[in-house]
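Read the figures in this text as sums done on the coordinates, not as results from a lab. This is a predicted model, so every value here is computed, not measured. Neighbour counts run over all protein chains shown; Cβ positions are idealised from the backbone, glycine included.
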Amino acid sequence: MEVSEEDFELVNALQMAPRATWTQLGAVLDRHPSTLAARWERLRAAGVAWVTAHPMGDPLQMSLSFLDVQCEPGRRADVAASLCRIPDVVSVEECSRSQDLMLTAITPSLTALGEMIYPQLDAVEGLVRYETFFCTDLHAGGYAWRLNALSPGQRQQLKQFRPAPAGPPGTLPPSFRAIIQVLSRNGRATAAEVAASAGLHPATARRQLQRILASGTLSFRCEIAQSVTGHPVTCQWRGRLPAVDHQEAARILSGFGSMRLCASTTGSSNFLFSMWLRNAADIMRVERAVGEQVPRFELRESVVVTNAPKRVGWVLGRDGTATGEVVPPGEVW
């Protein structure tokens with residue numbers, strides 16, 4: 001599908017304000033609300049862009065873990081397909097290094113990781129071993145990645161349509177799980193749509209939806225198929241960095257403009273970051289820039305992602321478009 005500049009502008013606007021109304025977006029983009037709604041439906045139906053919601057993954061609230069997986073020879077595709085069906089393994093990436101797959105898991109606690117995720121990994125045929133790295137500080141995530149298709153003035157206008165949480169992040173009761181699952185499939189769902197999908201009374205759906213939005217527990221994001229962005233290459237770097245340098249390093253790296261993930265972790269490498277790049281030559285460009293601007297970072301490994309069959313709950317095709325299959329958060333949420 002051909003993606004126009006107006007499509008990119010709409011996606012960029014939804015990246016900044018995923019739940020803004022079509023009227024609000026129309027005022028910023030100078031387009032009729034119905035035109036934007038139709039444009040979005042075309043993008044969504046083609047799997048080019050989608051809005052989702054998922055547990056934030058902030059280590060202060062919950063457990064965010066990264067796992068390296070090794071498979072039996074010739075079994076990687078089968079193992080990846082099985083892992084995509086595990087609800088709280090939110091992302092699955094195929095790699096080009098000693099590990100065959102990289103996983104991202106979000107659970108309410110480390111205990112839940114051991115009780116809910118590990119037994120499911122142990123049951124996957126063809127999976128040989130896995131190693132876990134726990135996130136101790138999440139500096140940046142894919143929710144902050146932008147197309148930069150809008151003017152500074154438009155970006156400033158959109159900030160008012162992404163309200164900050166009403167208070168510190170809170171814990172949601174288990175009864176809210178039905179709404180969370182609806183939002184994982186459609187992060188723009190209205191209270192009426194939530195009520196219809198979750199089988200709730202409209203007033204109950206409206207009240208619970210507002211509480212979820214105010215809790216800061218969920219991350220709402222507009223995603224786009226990587227293949228249409230002009231940044232088809234994903235690379236992740238891991239290394240050692242003195243703990244006192246992590247915050248400043250994350251600030252410097254955020255200026256590179258292509259950041260998809262930056263985190264402090266446990267393990268032999270205690271700092272990792274991932275970027276979407278225009279081509280393989282950009283890998284060396286980034287490494288030179290990091291060497292100059294973050295000189296105390298000791299690079300241990302760079303990993304090129306060859307395929308991403310699952311991203312924050314959504315199962316993707318080889319071209320990065322959404323297949324329409326969504327694996328929402330599991331029973332513990």
For N186, the net charge from surrounding residues (Cβ-Cβ under 11 Å; K, R +1; D, E -1) works out to +3
Residue-by-residue Karplus 3J(HN,Hα) for the range 83-88, coefficients 6.51, -1.76, 1.60, Hz, glycine and proline x: 5, 4, 7, 7, x, 8
Unit charges on C-beta of K, R, D, E only; dipole of the range 93-195, Debye: 760
How large is the translational diffusion coefficient of the range 169-288 in µm² per second when you combine the Kirkwood radius over alpha carbon pairs with Stokes-Einstein at 20 °C and 1.002 mPa s? 123
Find the centroid of the Cα atoms in the range 287-301 and in the range 1-80, then give the distance between the two in whole Å. 31
Taking the convex hull of the alpha carbon atoms in the range 171-215, what volume per residue do you get, in Å³? 61
Efficiency by 1/(1 + (r/R0)^6): what FRET value for R278 and A214, r their Cβ-Cβ distance, R0 = 51 Å, to the nearest 0.05? 0.85
Just to verify a number: FRET efficiency for S109 and T136, C-beta to C-beta distance, R0 = 22 Å, to 0.05? 0.90
When the C-alpha atoms of the chain are aligned to their principal axes, what extent does each axis show, in angstrom, from largest down? 50, 43, 40
What ³J(HN,Hα) values, in whole Hz, does the Karplus curve 6.51 cos²θ - 1.76 cosθ + 1.60 give for the range 279-289 when θ = phi - 60°, with x put for Gly and Pro? 7, 5, 4, 5, 4, 5, 4, 5, 5, 5, 5
Spin-label pair H32/R318, simplified geometry with 7 Å Cα→Cβ offset, distance in nm: 4.1
Counting only residues 5 or more apart in sequence or on a different chain, those whose built amide H sits under 5 Å from that of T136 are S264, T265, T266
On average, how much area does the Cα convex hull of the range 101-224 cover when viewed from any direction, in nm²? 10.8
Of the chain, which part is the longest with no GluC sites (Glu not before Pro) in a loop (DSSP not H, G, I, E, B) and with at most 14 other C-beta atoms within 10 angstrom? 126-330
May I ask you to list the residues of the range 116-132 whose amide nitrogen lies under 11 Å from a point 7 Å from Cα along the Cα→beta-carbon direction of E325? none
